[in-house]
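Heads up, the thing below is written out as structure tokens.
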There are 2 protein chains.
Amino acid sequence: MSGNAQLAVALHGLTVLTYLGGRVSSSKIAKSINTNPVVVRRVFGKLAESGIVCSSTGKNGGFALAREAGEIRVSEVFKALETRTFTVHSNDRNQACMVSCGIKPALNGLFAEADQVLFQEFEKTSLADFATRVSKLADEEHRAVMTRD
Amino acid sequence: MSGNAQLAVALHGLTVLTYLGGRVSSSKIAKSINTNPVVVRRVFGKLAESGIVCSSTGKNGGFALAREAGEIRVSEVFKALETRTFTVHSNDRNQACMVSCGIKPALNGLFAEADQVLFQEFEKTSLADFATRVSKLADEEHRAVMTRD
DNA sequence: TTTTCTGTAACCAACGCAGTTACCGTTTCG
DNA sequence: CGAAACGGTAACTGCGTTGGTTACAGAAAA
């Protein structure tokens with residue numbers, strides 16, 4: 001449990017939605033991830049705010065993809081979670097030092113570009129693409145288990 | 001103070017080294033960052049292991065760039081710190097669920113590609129480039145302070 | 001009206017990280 | 001030689017983030 005696993009949880013849950021189709025309850029999603037339903041609801045709450053999924057309360061409620069899986073990009077999910085990838089140290093600046101005065105805007109610029117590049121990378125992959133990869137790798141995983149002595 | 005600020009601390013300290021030249025003590029670097037010398041030594045210890053800086057103990061000791069600032073890339077610094085950008089959730093898999101079985105290798109692949117892209121982005125900038133940016137931004141910062149009413 | 005959902009608050013435990021103190025070994029310099 | 005000035009490291013603290021959990025209110029379907 002180091003770092004932020006919310007993107008992993010989100011993609012896991014969304015892949016479940018992609019495969020099952022229609023409404024799926026947080027409890028069902030949680031069983032696949034092996035976690036608590038509230039954890040799923042926390043993450044999927046953000047996804048709902050960003051229009052990636054729809055939620056409905058009440059009996060037979062749950063979450064559903066707001067669009068087709070081919071129309072949802074990993075970059076959207078990434079952005080929805082507002083994962084902080086880099087952090088600028090929050091120490092006060094030493095006014096006697098030139099470096100100390102210019103470092104923060106410089107770091108902010110560098111990190112902003114890096115975030116932009118990450119976003120572009122994630123833009124390449126749709127949820128449908130990712131789900132396909134998951135199933136292929138699940139097959140390989142399964143075969144590996146079968147042939148193990 | 002959320003996330004990992006070690007990359008920020010490293011780049012800050014390295015920029016100080018670039019400007020001052022020669023050996024600089026952890027105590028002096030720490031004053032620019034406004035932090036404790038041990039924090040600097042922890043980060044610079046990793047940089048020394050990766051051959052980015054040299055350290056020498058004893059009187060008049062300290063840290064110095066191992067190469068010219070133009071020959072050191074931010075990507076090297078990034079790699080030296082082994083900052084974990086993304087995390088795969090560590091929950092056990094639900095063997096009854098196909099998604100649960102294939103998700104981890106799929107996420108590992110996705111995140112590895114993302115890390116690769118980040119590395120390539122950081123490869124574009126040398127320490128000398130970065131230091132130049134810092135000084136320009138320090139000037140602007142200074143001017144902003146001067147004209148403030 | 002009962003059941004089954006989400007939404008949310010509240011709390012706990014685990015973890016990572018910055019900060020700090022302290023001490024050892026090493027190197028320079030008087 | 002001995003004092004002074006370094007880095008390396010261990011140990012401890014405090015704080016913030018996060019995941020897990022329980023509990024409960026409100027909503028919707030049966």
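On alpha carbon coordinates alone, what is the Rg over Rh value for the protein assembly as shown, Rh being the Kirkwood radius? All intermediate terms of the calculation are to be shown ahead of the outcome.
Working: Rg = 23.1 Å, Rh = 21.5 Å.
On the Cα set of the protein assembly as shown, Rg over Rh gives 1.07.
If you find the alpha carbon centre of region A:1-32 and of region B:77-117, how far apart are they in angstrom?
14
Summarise the partner chain shielding of B:12-19 as one whole number: the mean count of Cβ atoms from other chains within 10 Å of each residue's Cβ. Don't skip to the answer; put the middle values down first.
Numbers: counts 10, 2, 1, 7, 5, 1, 1, 3.
Average per residue, whole number: 4.
With viscosity set to 1.567 mPa s and temperature to 4 °C, compute the Stokes-Einstein D of region A:83-149, Rh being the Kirkwood radius across alpha carbon pairs; µm²/s, no decimals.
On the way: Rh = 16.1 Å.
Once the numbers are plugged in, D ends up at 81 µm²/s.
Before anything else, pin down the relative contact order of region A:6-146: Cα pairs under 8 Å, at least 6 apart, normalised by residue count, whole percent. Don't skip to the end; give the middle numbers.
Working: 148 pairs, mean separation 36.9, N = 141.
Here the relative contact order equals 26 percent.
Other chains' Cβ within 10 Å of B:133-140 residues: what's the mean?
On the way: counts 7, 10, 5, 3, 9, 11, 3, 3.
For peptide B:133-140, the averaged partner shielding equals 6.
With each run of n ≥ 4 DSSP H residues scored as -39500 (n - 2.57), what mean residue ellipticity at 222 nm is computed for chain B after dividing by its residue count and rounding to the nearest 500 deg cm²/dmol?
Only helices count here, giving -20000 deg cm²/dmol.
State, in angstrom, two size descriptors of region B:6-146 derived from its alpha carbons: Rg to one decimal place and Dmax to the nearest whole number.
19.3, 66
Take the cross-link list A:LYS104/B:LYS28; A:LYS28/B:LYS104; A:LYS79/B:LYS136; B:LYS59/B:LYS136 and give me the ones stretching past 26 Å between alpha-carbons. The partial results should precede the final answer.
Details: A:LYS104/B:LYS28 19 Å; A:LYS28/B:LYS104 19 Å; A:LYS79/B:LYS136 31 Å; B:LYS59/B:LYS136 34 Å.
Violating the 26 Å Cα-Cα cut-off are A:LYS79/B:LYS136; B:LYS59/B:LYS136.
The numbers here are math on the coordinates, done by the rules we state, and not lab data. Just so it is clear, the model here is predicted, and its values are computed rather than measured. Don't worry about glycine lacking a Cβ; one is built from the backbone with ideal geometry, like all the others, and counts go over all protein chains shown.
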